[in-house]
Amino acid sequence: AAARGGSAGAGSAGGDGAVASLPSASLNVDGFIATVVVRRAAGLAPGYVCALCVHTARVPCRVARLVSLLDKKTGGVAEDSPAQLRERDVGSVELSPLRPLHLEEQKLVASLGRFLLTDALHQVAAYGVVKAVSRGAPARCQPGSLT
């Protein structure tokens, strides 16, 4: 693999490719806390189901709870546990993916820590960055699971 410009790191053998990731990436995400900016007028509330678009994945996701409404100028907490985040609000939100998902905190791997939330019409409802991740069971890649 090294002769073809690749890296002969741990886990690569012969002509097999290697995946560059953190050791924690082999675990599915149970939930995560993110800072989001709401773009859609209807806003976000607990129970809202949308599509999470991160890197090449599009995974259904549920808003588990709204942690806080953030002040846009200072970044400090303006309100704890708001009932809803409306258009142009910035807030801290706990999200739960409804299918297996791999992502990282934005401070560790920036490209895997940024995402969009889209509604059923594929319109962007919010965008944000991952602040903290809760991991669960080891990932198992099965034939047909990537479709």
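The values are calculated or read from the model by the stated rules, or taken from the named source; none is laboratory data. Just so we're clear, the structure is a prediction, and the values are computed from it rather than from any experiment. Glycine gets a Cβ as well: all are built from the backbone with ideal geometry, and neighbour counts include every protein chain shown. What goes into the accessible areas is simple: the full protein's heavy atoms, side chains included, and nothing from ligands, DNA or RNA. Shrake-Rupley method; radii C 1.70, N 1.55, O 1.52, S 1.80 Å.
Things to note:
- Take region 29-135 with all the other protein chains still there, run a 1.4 Å probe, and you get 52 Å² of accessible area per residue.
- Counted over all Cα-Cα pairs of region 29-135, pairs farther apart than 22 Å make up 22 percent.
- Charge sum, other residues only, whose C-beta stays under 15 Å from residue 87's C-beta, Lys/Arg counted +1 and Asp/Glu -1: +3
- Given their separation in residues at 0.36 nm each and the Cα-Cα distance between them, residue 58 and residue 123 gain 22.1 nm when the chain is fully extended.
- At R0 = 30 Å, FRET efficiency that the Cβ-Cβ distance of residue 49 and residue 71 yields, to 0.05: 0.60
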